[in-house]
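So the structure is just underneath, and the comments pick up after that.
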Amino acid sequence: LKNPDVEYELYEVSIGEQTRQLLEGITEIGVANAPLLQAGRFETLFTRKERLGVIYNRDTHWFNEEKVYLDLEDLEGVPLCLSRGCSQQFLNICSDSHIYPRVLCISTTKLSTLMWARQKAGVAIVPVGTGEQFEDYLRCRFVQDERMFINKTLSVVKDRPLSAVAQNFLKYYNEHS
């Protein structure tokens, strides 16, 4: 590590809480997969498309494992656990396609959404970053549909200077993502 004495605090919170923390100066950089509230008060530094993944425990038998990609129809009747940041977009895609998903839960964070898949209770629908890895007992598949993407953004409060630590973090993030 280049800076072993620097400690980062990462908060996985709702969009409302992230907006509050940024505006109150608790955090300097917001990483979000849904639009921040009061969007006009923020500057977007970086945007990347992430694909919505279908994550489930390998011991469950909800899908045909011989198919490379899933179809949206394959999700019908399966207990789905959605991450709040992508839930509305996913539900709109289903509605437009006349698919009626069985939503078990909508969780505030990606981490809590994945917990349902880890426990074999449902299938998580979450954004998946390029090269992102999951535990060996989880399977990550994708629906063959060009609408199954979401934008991940890095944002800061407009006209607020960043600390040297935050600037170094952004440099590292840009180089490694």
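Here, each number is a calculation from the coordinates, and none is a lab measurement. Keep in mind it's a predicted model, so treat the numbers as computed, not measured. With ideal geometry, Cβ positions are generated from the backbone for all residues, glycine too; neighbour counts draw on all protein chains shown.
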* Those lysines that a straight Cα-Cα span of less than 22 Å connects to Lys120, excepting residues fewer than 8 apart in one chain -> Lys67, Lys110
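Stretch Thr47-Leu162 to full length: gain in nm at 0.36 nm per residue minus the Cα-Cα span? Working shown, then result.
On the way: separation 115, 0.36 × 115 = 41.40 nm, distance 1.85 nm.
Length gained between Thr47 and Leu162: 39.5 nm.
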* **Residue-span extension gain [Glu73 to Ala39] - 0.36 nm each, minus C-alpha spacing** => 8.8 nm
* **Beta bridge orientation in the chain: antiparallel %, DSSP, nearest 5** => 70 percent
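Suppose R0 equals 35 Å; then what is the FRET efficiency for Glu17 and Arg58 from their Cβ-Cβ distance, rounded to the nearest 0.05? Numbers along the way, then the final one.
On the way: r = 33 Å, r/R0 = 0.95.
Efficiency for this residue pair is about 0.60.
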* Structure fact -> Plugging the Cβ-Cβ distance of Glu132 and Asp96 into 1/(1 + (r/R0)^6) at R0 = 30 Å yields, to the nearest 0.05, a FRET efficiency of 0.65
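Quick check on the stretch 1-61: take the gyration tensor over C-alpha atoms, sort the square-rooted eigenvalues as a ≥ b ≥ c, and tell me if it's rounded (a/c under 1.5), prolate or oblate.
Working: a/c = 2.10, a/b = 1.35, b/c = 1.55.
Note, shape of the stretch 1-61 comes out oblate.
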* Asked: According to a simple spin-label model (label point 7 Å from Cα along Cα-to-Cβ), what is the distance in nm between Asn151 and Ile26?
  -> 2.6 nm
